[in-house]
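Structure, as structure tokens:
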Amino acid sequence: MERIVFLTGRLAQASLQRVLASMDAPFSWEVREIGLQVAALMTAELIQRRVAPPVEADRIIVPGRCRGDLDVLTAHYGMPVVRGPEELKDIPQFFDRSAQPVDVSRHDITILAEIVDAPHLEIAALLERAGRLRADGADVIDLGCLPSTPFPHLEDAVKALKAAGFAVSVDSLDPHELLRGGHAGADYLLSLTPEHLWIADEVAAVPVLVAREPADEPALYASIETMQQRGRAFLADTVLDPIPFGFTASIVRYQRLRERFANVPILMGIGNLTELVDADTSGINALLFGIASELRVAAILTTQVSAHARRAVREADVARRLMYAAREGNLLPKGLIDRPGDGLLTVHDRKPFPDTPDEISEIAHAIRDPNFRIQVAADGVHIYNRDGHHVARDVFELWPQLKLQHDGAHAFYLGVELAHAQLAWQLGKRYSQDEPLAWGCAVDRTEQDLGAWRTPGPTMQRHRNPVSQANPDASASKPARESDDDL
């Protein structure tokens, strides 16, 4: 049986032991407190100084926020030294995930991201917009032409994008513009109705086939069969209608299309849902990509025009990988993305409150210094130090208890943290002091987000310290320390 040594801080020790004891673990374990009160301040250098080899174990697990090069520790101790989860209550899931790793890097859906106002943008602006879309996960840049709007630089736009390494599609209702785009080197043309199939004979671009009216399925089927007879590559689209104008019927059309043509590559345009429903697009994208994955859709056309849909391409990229992993692994699309900052859960978390009020109270009673700690549980926001433990659902109620009228910098810091904590409590999100709330793929993650909340100014540096439910002993009013004096 594998033996694992868990390294932790003083106040987190009892909680960690309870979690491990509650598991039906296929390994034996030892929790070793290394003489460090603030587990979040644990570093590789500190571990090497305080934990003398040999360690009787097969593996060492350190807190998730432990900084430093663990490869050096692996070499030093002659066994794997790995980071555990950031929250100790996530240890059972951590081991389940480690036993059954899920690869969420693969996908089989191409994302076409439309620039809907392409005729109004100069070449430089198109290239800049295309670069951002590609960074978010787009594979093809779709140039959206506008009805009755001249696009004199269409050819130059296609050529400039191709020269910059982009795959390009041209999206127009005007067959002449489609022909111009194809001659300029576009990779895809959206879309060819039955009477415009001749364009496919004039250019090398892959056409997207549609019926003149979405409900005219026989016409689309006839176009598909014609292209198959010619041996030409194409995509077929039966058009996703918006709610309440036939959305359900259009989903059924896609199902019939797949039943009729088992191997035909299908394109699905999803902007009619993400743009035209006042709901968070992360959930809409999750559902639509789940449908697309089951139908083996080859490509998705999406947009991010409306303000609420401004992360639609990034969400689509996450959704296609999540649904691919679920389908290929015969798994529910739940719990497959380990880092909460990378997923589609943007507003709420699956397990927002890892600690109970009683557990927080136990920790609070053990505190013997004046530094404030903040945690969130189902009953509200907790703040405590040696002088008291206070709980509120409206953090303004806490101000009289803090007695910080003459310490503006500290009051400002705690005000920011308490605001984050209240927001986390209201929404049902994980909160860890001095860490950013995890908004999933709805926001950009910086390198700082991976290890620290932000770069504080001179005043803020005095009052911030890493803290988490896994390391509830971190303080909020003393400078972070990593020395052997931090006992």
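For residue 105, state whether it is surrounded by fewer than 19 Cβ atoms within 10 Å (Cβ to Cβ), at negative phi, hydroxyl-bearing (Ser, Thr, Tyr) and not in a helix (DSSP H, G or I). The answer is yes for residue 105.
For the range 49-63, which residues satisfy the criterion of being open to solvent by 20 Å² or more (accessible area, probe 1.4 Å) and either in contact with a Ser or Thr (Cβ under 8 Å, 6 or more places away or on another chain) or without any contact (Cβ under 8 Å) to a residue 60 or more places away in the chain (or both)? Of everything in the range 49-63, those that are open to solvent by 20 Å² or more (accessible area, probe 1.4 Å) and either in contact with a Ser or Thr (Cβ under 8 Å, 6 or more places away or on another chain) or without any contact (Cβ under 8 Å) to a residue 60 or more places away in the chain (or both) turn out to be 52, 53, 54, 56, 57, 58, 59. Condition check: touching a strand residue (DSSP E or B) at 6+ places or on another chain (Cβ under 7 Å), outside any loop (DSSP other than H, G, I, E, B) and modelled with pLDDT under 95. Does residue 383 satisfy that? Taking the combined requirement at face value, the residue does not satisfy it. Residue pairs whose Cβ atoms lie under 6 Å apart, separated by 6 or more positions or on different chains, with the first residue in the range 402-418 and closer than 14 Å to residue 374 by Cα and part of a helix (DSSP H, G or I) and the second open to solvent by 40 Å² or more (accessible area, probe 1.4 Å) and at pLDDT below 95, do not occur. For the range 206-217, state whether one or more residues are acidic (Asp, Glu) and within 21 Å of residue 180 (Cα to Cα). Looking through the range 206-217, none of the residues is acidic (Asp, Glu) and within 21 Å of residue 180 (Cα to Cα). Of the helices (runs of 4 or more DSSP H) lying entirely inside the range 151-206, those carrying at least 3 residues that are under 23 Å from residue 221 (Cβ atoms) are 199-202.
Going through 331, 345 one at a time, which residue ends up being modelled with pLDDT of 90 or more and either over 30 Å from residue 407 (Cα atoms) or in a strand (DSSP E or B) (or both)? Just a single option satisfies the conditions, and that option is 345.
Taken over the range 123-172, the criterion of being farther than 17 Å from residue 317 by Cα and without any contact (Cβ under 8 Å) to a residue 12 or more places away in the chain is satisfied by 124, 125, 128, 148, 152, 163, 165. Scan the range 287-327 for residues that are surrounded by fewer than 20 Cβ atoms within 10 Å (Cβ to Cβ), within 30 Å of residue 207 (Cβ to Cβ) and touching a residue at least 24 places away in the same chain (Cβ under 8 Å) and jot them down. Answer for the range 287-327, where residues must be surrounded by fewer than 20 Cβ atoms within 10 Å (Cβ to Cβ), within 30 Å of residue 207 (Cβ to Cβ) and touching a residue at least 24 places away in the same chain (Cβ under 8 Å): 290, 291, 294, 295, 296, 298, 305, 306, 327.
From the residues in the range 395-427 that are open to solvent by less than 60 Å² (accessible area, probe 1.4 Å) and among the charged types (D, E, K, R), which one is farthest from residue 360 (Cα to Cα)?
407
Out of 209, 190, which single residue is of a type in the set (A, V, I, L, M, F, W, C) and more than 25 Å from residue 129 (Cβ to Cβ)?
209
Exactly one residue out of 137, 144 is closer than 30 Å to residue 333 by Cα and among the small types (Gly, Ala, Ser): that is 137.
Which of the residues that make up the range 126-150 are open to solvent by 40 Å² or more (accessible area, probe 1.4 Å) and part of a helix (DSSP H, G or I)? Listed by number, the residues that qualify are 127, 128, 129, 132, 134, 135.
The values are calculated or read from the model by the stated rules, or taken from the named source; none is laboratory data. Predicted model only: the values in this text are computed from it and were never measured. Cβ sites come from the backbone with ideal geometry, for glycine too, and all protein chains shown count toward neighbours. These accessible areas exclude ligands, DNA and RNA; they are computed on the full protein's heavy atoms, side chains included. Shrake-Rupley method; radii C 1.70, N 1.55, O 1.52, S 1.80 Å.
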